[in-house]
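Note sheet for the following structure.
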Amino acid sequence: MHGAALYIISFLSGCYPLKEGYLEKRSHNFLQVWKKKRVELTRSALTLCASGSKHREVLPFESVRTLDCVEHRGRYCYFTLVMANGKELDFRSPAEMAWGAEITLALVRHKNEQAVRVRGGRDPSKRRSDLPVSFANRHRMAELPLFITV
């Protein structure tokens, strides 16, 4: 395939990077050292790669519950990714880089797309027009003007 075709396929599949750069991740060992990670944010995941390493840690948004604890202290912005299994990953970045906001927007976009897919996949036989007449009439009657005759 040509480069443009690969670009389009990666964009549509959610692999196209929305933002690239560096974050610092706090280690979970005794010293809790901040380690610099190369980061790539896509529509469907956050990918972390340690400096000088080929090992990539992919955090798909399906496994991320929320982004919490956004706090600005000094020149850094601190935030926590809460995973579906309850694990918490702490990050920091220079405040002007707005990584927390970018990740939050991508996560919300992903969750919304997921909700639309789930809602769009519902059984079409359960639509309002297919509900029992009594329920449909009650709904329509609430919209009609009320006339009182004396």
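The values are calculated or read from the model by the stated rules, or taken from the named source; none is laboratory data. The shown structure was predicted, so the numbers you read here are calculated from the model rather than taken from an experiment. Note that we place each Cβ from the backbone using ideal geometry, even for glycine, and neighbour counts take in every protein chain shown.
The table for this structure:
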{"read-out": "Residue within segment 69-84 that is among the basic types (Lys, Arg) and within 20 Å of VAL33 (Cα to Cα) present", "value": "yes"}
{"read-out": "Meets criteria (without any contact (Cβ under 8 Å) to a residue 24 or more places away in the chain and part of a helix (DSSP H, G or I)) for VAL108", "value": "yes"}
{"read-out": "Residue check for ASN137: modelled with pLDDT of 85 or more and either out of contact with any Cys (no Cβ under 9 Å at 6 or more places or on another chain) or in a helix (DSSP H, G or I) (or both)", "value": "no"}
{"read-out": "Qualifying positions in segment 90-103 - crowded, with 18+ Cβ neighbours inside 10 Å and not in a helix (DSSP H, G or I)", "value": "PHE91, ARG92, SER93"}
{"read-out": "Residue list for segment 29-44, filter: surrounded by 11 or more Cβ atoms within 10 Å (Cβ to Cβ) and under 23 Å from TYR76 (Cα atoms)", "value": "TRP34, LYS35, LYS36, LYS37, ARG38, VAL39, GLU40, LEU41, THR42"}
{"read-out": "Residue match in segment 28-42 (condition: outside any strand (DSSP E or B), closer than 16 Å to TRP99 by Cα and not hydrophobic (A, V, I, L, M, F, W, C))", "value": "yes"}
{"read-out": "Tally, over segment 60-90, of residues that are under 16 Å from LYS19 (Cβ atoms) and in contact with a Cys (Cβ under 9 Å, 6 or more places away or on another chain)", "value": "1"}
{"read-out": "Selection within segment 43-81 - part of a strand (DSSP E or B) and within 12 Å of the chain's Cα centre (by Cα)", "value": "ALA45, LEU46, LEU59, PRO60, VAL64, ARG65, THR66, LEU67, LEU81"}
{"read-out": "Test: residue in segment 93-100 that is modelled with pLDDT of 90 or more and either aromatic (Phe, Trp, Tyr) or farther than 14 Å from LYS25 by Cα (or both)", "value": "yes"}
